[in-house]
Amino acid sequence: MSFGATAHLDFIAAAYASAVIIVGALIAWVTLDYRAQKNTLSDLDKRGIKRRPAPARPEAAAPKAKEEV
Amino acid sequence: MTALTAVLIRDMRIAVRVGGGALMGVLFFLVVVTLVPFALGPDLALLKRIGPAVLWLAALLASLLALDRLFSADHDDGSLDLILMGRAPLELVIAMKGLAHWLTTGLPLIVAAPLIGLLLDLDAPAEAALALTLLAGTPALTFIGLIGAAIAVTLRRGGLLLAVLVLPLTVPVLIFGVAAANAAIAGPVPFGTPFTILCALTLASLVVGPFAAAAALRQEME
Amino acid sequence: MAVIDLANPSRFLSVADRTIPWLSGVTVLVFAFGIDQTMIAPDDYQQGATVKIMFLHVPSAWLGMLAWGVMTVAALGTLVWRHPLADVAAKAAAPIGAAFTLLCLVTGSLWGRPMWGTYWVWDARLTSELVLFLLYLGVIALWRTVDDPSRAARAAAIFTLVGAIDLPIIKFSVDWWNTLHQGSSIFRAGGSTIDPSILIPLFIMAAAFTLLFATLQLAAMRNEILRRRVRTLRLLQASAAT
């Protein structure tokens, strides 16, 4: 790499560092959020709270709802 | 955990949440500062000269934003009645709420101000002076604001009234805050003179604010 | 499998689970290649090595605008076609676009200081880019303030469509106004004015950033779908307890 203007090296380094920080923060956010959601879902699953599968017809849902209450 | 600590932590948690004052205040701060060059034109030399004043004004307005819901939210869900009936002295509870407001609204502004000062071409000594004056002055803005928030608590659309009540009271803080910041940059006046007056104003507001707000709340809630 | 099949969130999740791993691998590879190419790219005869900031600044600017473009299409999907994943795509893209716009502002500021002598100047392009950043923050605040996801989506969609006016302003700001910022030198009538030895690495970095955006967008959409499931389960839990 040729250093035409070495006086400005700290600005170039700062720019690349800021890229690492910002992109790193994005990746961290996406990863940590994924883990958090997965943990919460498995936690809720352990406690037995399940999603009801979407009812095929509205009439099927109504008596089913009455049963579960 | 004492009742006062509980109030402090509760208020801080609410402020940091969705729709709370914390980050919204900084965003508003940034928006207001961005508006100034649209109004004044992009003359960087001019913006640099009025930079500290613009930042102080924006900080004042941003600080005001979160005050609106400070008491009226508690009034709406009934916790204000509980606070009034509780054994903890009302003045101290209000002081804790004020502290929570400053920690979640004022502190982020102080942190954001130097970065936003770059937009107005402030140099390092100016940034440092500005941050210091904001650190000394923003508690005053919060605690004076408590008074207006308490007076306006029972009003449904009390937001604008709150601003009309509070802003004139904050004028001394604004004057000495900007004076101190400018003194550090240019002034013949040494930084210490307006700065110590600013600190005195803050200390006074730490006492007057909660007492006046408590009196107002007791009047309103009877 | 048609694209329309992706409309089913569960199916999207399985596609995302399969795609994200290899897509992130490709992203890393292209970045590695891009960084290598930017290192060996020659210095600008005027700006010296500082031109290397451009390899970050320009792609992040493009991606910041692309993300709002994605949000705009998603907004139409929400308002016009009521596509179920449009809401998710819009909400996921906002923080990513905000981050790229911030990176553009920061790298531009660090480039401006040695080149122009100032970290910031209120010219048309910089200001419209800052406004885009504020629009991003505003839409993120909007998403977080409205509780119900579908109402939030519609409010955000309207705001996104209105805010899209900023994109052509940014693009043409250097033509319409007298700006300190450099004029269009890449996408202009008559072809680019940048030498290929710098233009090629720039396009490689742009490709790398775009792949990064795609990976992050898929991952963020996956997270959002999972978050909505958590919310549904919690609401079920709350209503079962009563």
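The values are calculated or read from the model by the stated rules, or taken from the named source; none is laboratory data. From a predicted model like this one, the values you see are computed outputs, not experimental measurements. Because the Cβ atoms are built from the backbone with ideal geometry, glycine has one as well, and the counts that use them run over all protein chains shown.
Tabulated values for the structure
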quantity	calculated
Failed item, numbered, when C:Thr232 is tested on (1) touching a residue at least 60 places away in the same chain (Cβ under 8 Å); (2) closer than 30 Å to C:Arg18 by Cα; (3) surrounded by fewer than 19 Cβ atoms within 10 Å (Cβ to Cβ)	(1)
Qualifying positions in the stretch A:39-53 - at the interface with chain C (Cβ under 7 Å from one of its Cβ atoms) and modelled with pLDDT of 90 or more	A:Thr40, A:Leu41
Residues of the stretch C:88-100 that turn out to be of a type outside the set (A, V, I, L, M), under 8 Å from the mean Cα position of the chain (by Cα) and facing chain A (nearest Cβ under 10 Å), as a count	1
Subset tally (residues that are more than 18 Å from the chain's Cα centre (by Cα) and more than 10 Å from chain A (Cβ to nearest Cβ)) for the stretch C:32-58	5
Any hit, the stretch B:41-63, residues being of a type in the set (Ser, Thr, Tyr), closer than 25 Å to B:Ile185 by Cβ and touching a helix residue (DSSP H, G or I) at 6+ places or on another chain (Cβ under 9 Å)	yes
Complete set of residues in the stretch C:81-94 that are surrounded by fewer than 21 Cβ atoms within 10 Å (Cβ to Cβ) and in a helix (DSSP H, G or I)	C:Trp81, C:Pro84, C:Leu85
Matching residues, the stretch C:150-183, being of a type outside the set (A, V, I, L, M, F, W, C) and under 17 Å from C:Ala93 (Cβ atoms)	C:Arg154, C:Thr160, C:Gly163, C:Asp166
Helices (runs of 4 or more DSSP H) contained entirely in the stretch C:107-195, each with at least 1 residues that are surrounded by 17 or more Cβ atoms within 10 Å (Cβ to Cβ), at pLDDT 90 or above and facing another protein chain (nearest Cβ under 10 Å)	C:124-145
Flag if C:Leu29 is within 12 Å of chain A (Cβ to nearest Cβ) and either over 16 Å from the mean Cα position of the chain (by Cα) or surrounded by 15 or more Cβ atoms within 10 Å (Cβ to Cβ) (or both)	no
Pick from the stretch B:4-41, criterion surrounded by fewer than 16 Cβ atoms within 10 Å (Cβ to Cβ) and at pLDDT below 85, ranking: nearest to B:Asn182 (Cα to Cα)	B:Val16
Residue in the stretch B:76-85 that is under 21 Å from C:Thr145 (Cβ atoms) and modelled with pLDDT under 90 present	yes
Residues that are surrounded by 14 or more Cβ atoms within 10 Å (Cβ to Cβ) and in a helix (DSSP H, G or I), drawn from the stretch B:189-199	B:Thr193, B:Pro194, B:Phe195, B:Ile197, B:Leu198, B:Cys199
Subset of the stretch C:39-81 [in contact with a His (Cβ under 6 Å, 6 or more places away or on another chain) and modelled with pLDDT under 90]	C:Thr50
Spans of helices (runs of 4 or more DSSP H) in the stretch B:29-114 with at least 3 residues within 13 Å of the chain's Cα centre (by Cα)	B:44-65, B:90-101
C:Leu85 vs. criteria over 16 Å from the mean Cα position of the chain (by Cα) and within 12 Å of another protein chain (Cβ to nearest Cβ)	no
Test result for C:Asp36, surrounded by 24 or more Cβ atoms within 10 Å (Cβ to Cβ) and among the charged types (D, E, K, R)	no
Scope the stretch B:106-125; condition away from chain C (no Cβ under 13 Å) and modelled with pLDDT under 90; matching residues	B:Pro125
